[in-house]
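Visitor: I am attaching a structure below and will ask some questions about it afterwards.
The values are calculated or read from the model by the stated rules, or taken from the named source; none is laboratory data. Bear in mind the structure is a predicted one, so any value in this text is a computation, not a measurement. Don't worry about glycine lacking a Cβ; one is built from the backbone with ideal geometry, like all the others, and counts go over all protein chains shown. Only protein heavy atoms, including side chains, enter the accessible area calculation; ligands, DNA and RNA are left aside. Shrake-Rupley method; radii C 1.70, N 1.55, O 1.52, S 1.80 Å.
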Amino acid sequence: MIRFIKTAILALVVSFSIGSCIEPPLHLPGDEVLIDYPVVLTDINVVWDVDADLETDWYYGWDDTDKRRWGEIGYPMPTNYEVRRYYLGTQPNRPHTEVDGFTIYEPHFHRFFNFGYYDMLLWSNIDSDDGAQVVLIDESDMDEVRATTTGTKGMTQLATLFGGSTKAVAGIFNQPEIFYSAYKRDIYISRNFSDYDYFDEKNEVWVKKIDAVLNPLVYIYLVQIVIYDNDGRIIGVNGNNAVSGFASSTSVNTGHTGNNSGFVYYESRMKKNLQVKGRTADVIGGKLTTYGLCDMEPWVENKGSQYEGSRSTLSNIVYFDLTFSNGKVLTMSADVTEQCQRQAHGGIITIELNATDLKLPDNDDGVGSLFVPTVEDYDEVIWNFEM
């Protein structure tokens, strides 16, 4: 389940009429009453909805070992948020020249607002055990905050170059942590009571609603490699996996992903003798988080996970290491472009292969792991499976 966050702004105001100490009734706002020193309170409410199916046709499962290594299978609950207010003055739809930023640790906050127009950007902070995080937030351009990702610590070389109309791989990246954002533009703080939505008599505040929803900027893919008829020739995995063709950045304001692609590294485990479609199989599984396809439109509330907008021309290839009974490790691959395009905002990716179709690698075969690939190695050891 995906957590969304809706905001409502409540304006607490102090009012007076010129030349008189008698205030007008707060529940009957006068046409010419001025509001001074507005205090705007923002309440954040959690709303639940479903974006991607992370259960149907998922054979690998998710046991306690998986949870200890990679966390829960679904989307985490945010606990604190960054807020950026951009004051626009008396005209809406202007570039951002003034910003007020702060962190909140509860689902509400209040601040004094000047009269005029504001843009407001909120995103959830990332909770990590060691205080480090992979996601990097770049606020150098106030008109568009961007999120990027650090390069992986495990892999040190680029994997390959794609030919044809696709672009060169930009690098190999760690998985970005899950976080959410909302961007509301042209919020008008008025001097007139009639411009507010209603008066809350219990709290004695004027309420101004803002319909803004925090949507996920990082999507979850569950990747499983189903191995049928394994007669003992594939004995395990070293856990090294990567997927090509995903965006390396996204806009925190809009959720629109960048055009630069890269590999995203993730880890996996093998579980033996599972039931898959009535057959016994070994399954390699892992969780992949990514900003999504390049040049991808964000998820839109009430429209489900249907991908709308321009499509990336890059291929999505899963690279994975298999350990054979003679101790050799080969890097293999499978094209999952169609599955990723069909599930642009996360879902289940399944690769199926038959172990009896694979020969044991001999001493002349390319040997190694995904940590140190070269272009020549990939020419020799990649196996492509029709999906």
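Visitor: Please state which of the following conditions ASP127 fails to meet, knowing it meets all the rest: (1) charged (D, E, K, R); (2) open to solvent by less than 50 Å² (accessible area, probe 1.4 Å); (3) modelled with pLDDT under 90.
Guide: (2)
Visitor: Could you check the stretch 338-358 and list, in sequence order, the residues that are buried (at least 18 other Cβ atoms within 10 Å of the Cβ) and among the β-branched types (Val, Ile, Thr)? First the steps, then the outcome.
Guide: To start, the set of residues in the stretch 338-358 that are buried (at least 18 other Cβ atoms within 10 Å of the Cβ) comprises 339-340, 343-351, 353.
Once the filter is applied, which keeps residues that are buried (at least 18 other Cβ atoms within 10 Å of the Cβ) and among the β-branched types (Val, Ile, Thr), the stretch 338-358 yields ILE348, ILE349, THR350, ILE351.
Visitor: Next question, about the same structure. Of all residues in the stretch 149-174 being open to solvent by 50 Å² or more (accessible area, probe 1.4 Å) and within 22 Å of the chain's Cα centre (by Cα), which is modelled with the highest pLDDT?
Guide: My answer is LYS153.
Visitor: A further question follows. From LYS287, LYS271, which residue is under 15 Å from the mean Cα position of the chain (by Cα), crowded, with 17+ Cβ neighbours inside 10 Å, assigned to a strand (DSSP E or B) and at pLDDT 90 or above? Steps first, answer last, please.
Guide: Values: LYS271 fails: under 15 Å from the mean Cα position of the chain (by Cα).
After ruling out the rest, the residue left standing is LYS287.
Visitor: While we're looking at this one, here's another question. Of ALA242, ALA247, which residue is touching a Gly at 6+ places or on another chain (Cβ under 9 Å) and either surrounded by 24 or more Cβ atoms within 10 Å (Cβ to Cβ) or of a type in the set (Ser, Thr, Tyr) (or both)?
Guide: Working: ALA242 fails: touching a Gly at 6+ places or on another chain (Cβ under 9 Å).
Result: ALA247 is the single residue among ALA242, ALA247 that is touching a Gly at 6+ places or on another chain (Cβ under 9 Å) and either surrounded by 24 or more Cβ atoms within 10 Å (Cβ to Cβ) or of a type in the set (Ser, Thr, Tyr) (or both).
Visitor: Working carefully through the options TYR221, TYR228, find the one that is over 21 Å from PRO92 (Cβ atoms), open to solvent by 10 Å² or more (accessible area, probe 1.4 Å), in contact with a Lys or Arg (Cβ under 8 Å, 6 or more places away or on another chain) and touching a residue at least 60 places away in the same chain (Cβ under 8 Å). Let's see the steps before the verdict.
Guide: Values: TYR221 fails: open to solvent by 10 Å² or more (accessible area, probe 1.4 Å).
Going through TYR221, TYR228 in turn, the sole match is TYR228.
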